[in-house]
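What follows is a short report on a single structure.
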Amino acid sequence: MSDTLHYLAFNLAKALTPFMQRDSYLYWPYIVSSIVIALAAWRWLGAAGTSRRPWREFWREYFGPQIWWHRSAQADYWLYFANALIVPAAFAFVLIDARHFGALINAAVGLPDAATAPSSGGIAVRVLFTVAFFFAYDFGRFAMHSLLHDVPVLWEFHKIHHSAEVLTPITTFRAHPVELLLMAWGPVITTGLVLVAFNAIEPGTISVYTFLGWHVFFFAFNLVDNLRHSPVWLSYGPTWGRWLVSPAHHQLHHSCEARHFGCNRGFELAIWDRVYGTLYVPGMQPEKFKMGLGDGSEARYHHLGTMYLLPFANAGREIASFARRSLSRASVR
């Protein structure tokens, strides 16, 4: 009983103090930088149009109750706290990191375990590993995110995230536990393969360059990434927008308009979407679009119980439908 209470108290405390947690997207430097960048976008990057509106409109438009107390946003808050308590315990036994995955591959192919070998390589090798790890991690997230969109059974779980009708930084955490698990596995596999490759070329432990406990590239991107789930329109323009994912890219990803649906699945690099054919480069001026699922079912996903249970029911129906179609095709043959 005491262990259970300690677990609940510890995870609840972490959820209540994300601004102090270095491993959180809501760590205070990221929040401060997002506000500063939002102010700059409003003032100088065309977000305010040609006329200079009063600063109070900035706070009303981006921090008003119509967004932060919207029914959709309230559902975000409930799911954020519920996942903080449920996910660590529910999935601890199936979550592994890239080094453990790499060790499994090394063992399978007969390579030495990098974790037990002495450090290897100099600055050049570490820089190369830092870059390769970043590309692999970003691709792993893109690949798994695409599967969540393209596989009907998985889409039922990803619907939770896309049922959001307004965006705030807490919407980042609006995800079904099954989706969180899958999105953790994707980059673990790709970065684990990078670890195996580097260990095969130059055996030994190797680490990425970090800042405040984060991979240096992810720390840099996190300074602006909270604006992805926000009403702040910030585009990198037609040139850089073909290479990097801006907050505006991801806001369009949440659009339910036909011209946007399924676009911009990447997280930091736009090259994966460009290759896959899902890149939609936003302009500097905001587009008008509606967010959500587009079928009027968003309100069904604003209740905690429904968010957890409905995807399983819908996924079951998808599996049953697929089985019936397969049997029907087999009988025709």
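Could you give the length gained on full extension between Ala9 and Leu304, defined as 0.36 nm per residue of separation minus the Cα-Cα distance, in nm? Write out the running numbers ahead of the final one.
Working: separation 295, 0.36 × 295 = 106.20 nm, distance 2.07 nm.
Separation in residues times 0.36 nm, less the Cα-Cα distance, equals 104.1 nm.
Quick one: accessible surface of Tyr276, probe radius 1.4 Å, all protein chains present, in square angstrom to the nearest 10.
Solvent-accessible area, nearest 10 Å²: 120 Å².
Work out, step by step, the length gained on full extension between Ala320 and Val36: first 0.36 nm times the residue separation, then minus their alpha carbon distance; give nm to one decimal. Don't jump to the answer; show the numbers that get you there.
Working: separation 284, 0.36 × 284 = 102.24 nm, distance 5.00 nm.
So the chain would gain 97.2 nm between Ala320 and Val36.
Kindly sort Phe139, Phe289 by accessible area of their heavy atoms, largest first, with the probe set to 1.4 Å. Spell out each step's value before the answer.
On the way: Phe139 85, Phe289 55 Å².
Final ranking, largest accessible area leading: Phe139, Phe289.
The values are calculated or read from the model by the stated rules, or taken from the named source; none is laboratory data. These numbers come from a predicted model, not from an experiment. Side chains included, ligands, DNA and RNA excluded: accessible areas come from the protein's heavy atoms. Shrake-Rupley method; radii C 1.70, N 1.55, O 1.52, S 1.80 Å.
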